[in-house]
Every structure is written in structure tokens, then in C-alpha cells.
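Asker: The structure that follows is given in the form of C-alpha cells.
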Amino acid sequence: MLPTETVKLFENTQIRQALSMAIDRQAIAEALVYADAATGLVPYGIFDTNSAKSLFRDNAGTASEYLSYNLEEAKNILEKVKINGKNLVPSQYYFEITVSSYDDEHLLVANALASAWGADGLGFNVTVNVRGTVANNDYHKDVSGIPSDFCDDLWAEDIRYGNYDVAVLD
């Protein structure tokens, strides 16, 4: 789990906004599905409930500057942030991105995030924590032997019990 100082890092709205702005969503979308990046909770093409001729996004103004890739502005935001009265020094903060080992798409996203938030981007100490499965050798009284095909999913357990800093999931 995160040290107390790093927990405070994620509690800061400006830091979360900077982390968001450092993500090149379009590059990730093109690497995965050759499509446009998601830039909001409501996708394009959904009509406004008040009019069958206008789109929700056009009327609701759901575009957010923090969902647009702007690494320089993200760095500017971080320069202004103070934690406990001191300027933020990203390289002093360590966190992990937890991802499942059996999903190549999730691994691509986790590595892209680590690059954006790490030394190549914002300067945080970021590692990718790849979690897979392990054989479950629990004995059950109704089974004569130990089954060899039962596995525990370590990534799913981490998500269930909150044992992660940042997690990649659908």
C-alpha cells in the first residue's frame, strides 16, 4: 500500500488533473483499436433526451480540459502544487500501477501510463506491478487429490481487497 505522503498525493485535485492531462489517450486508442479516444463518460453519438436532433455532448458541454493531452500544462500544474507547505517534487513520490498479466491490452495501457507519469513524463517514480495467477493447492475433502487446474487470480484479489495504488481495469 501507499505511504501516507503518497496517499495525500492522490487526494489533491490538481495532482489528479495533472496526471490526467499527461495521458495521451489518442495514442493509446490508436495502439489498441485504431479509434478515437474516450474523452468523457458519455460517448459520442448519444442523443440529448430533450431533442432527437442534437447530441448530448453538444448540449451538455462535457468536454474537459483535463481529458486532453497537454504534458506541458500538466507539468505547470505540478509546479504550482504544494503539499504540507512545500513544493511538490514528483521524483520523491513512488507508486505502482497494478495490472493483470494475462491481458496484453491492459499491459499496453499500464506501460503507457507509467511512461506518461514516470521519468519520461511528469517525473514520478512509477512501476508496473504485473499480477498473474498461482496454482491453488487447497485440499477439498470431496476430491481425492489436489486439482492441478485451480488457480488464484492475484490481480483480482488485489482489486477486491484494495491492495493497489493505481489499477488498470475495464
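Asker: What net charge do the residues around residue 116 carry, taking every other residue with its C-beta under 14 Å from that of residue 116, with Lys and Arg at +1 and Asp and Glu at -1?
Answerer: Charge balance in the 14 Å sphere: -1.
Asker: Please report Rg (one decimal) and Dmax (integer) in Å for the Cα set of region 65-121.
Answerer: Computed over the Cα atoms of region 65-121, radius of gyration and Dmax are 13.8, 43 Å.
Asker: Would you pull out the residues with amide H under 5 Å of residue 133's amide H, same chain only if 5 or more places away, H placed 1.01 Å from N?
Answerer: Under 5 Å from the amide H of residue 133 lie the amide H atoms of 154, each far enough along the sequence or on another chain.
Asker: Net charge near residue 105: determine it from the other residues with C-beta under 15 Å of the C-beta of residue 105, scoring Lys and Arg +1 and Asp and Glu -1.
Answerer: That sum, taken over residues with Cβ under 15 Å, equals -3.
Asker: Over all distinct alpha-carbon pairs, what is the Kirkwood Rh of region 26-114 in angstrom?
Answerer: Its Kirkwood hydrodynamic radius stands at 16.5 Å.
Asker: Still on this structure: Would you pull out the residues with amide H under 5 Å of residue 55's amide H, same chain only if 5 or more places away, H placed 1.01 Å from N?
Answerer: Hits under the 5 Å cutoff: 48.
Every read-out reported here was derived from the displayed coordinates using simple, explicitly stated rules and does not represent laboratory data. Not measured: the values here are computed from a predicted model. Please note: Cβ atoms are built from the backbone with ideal geometry, for glycine as well, and neighbour counts cover all protein chains shown.
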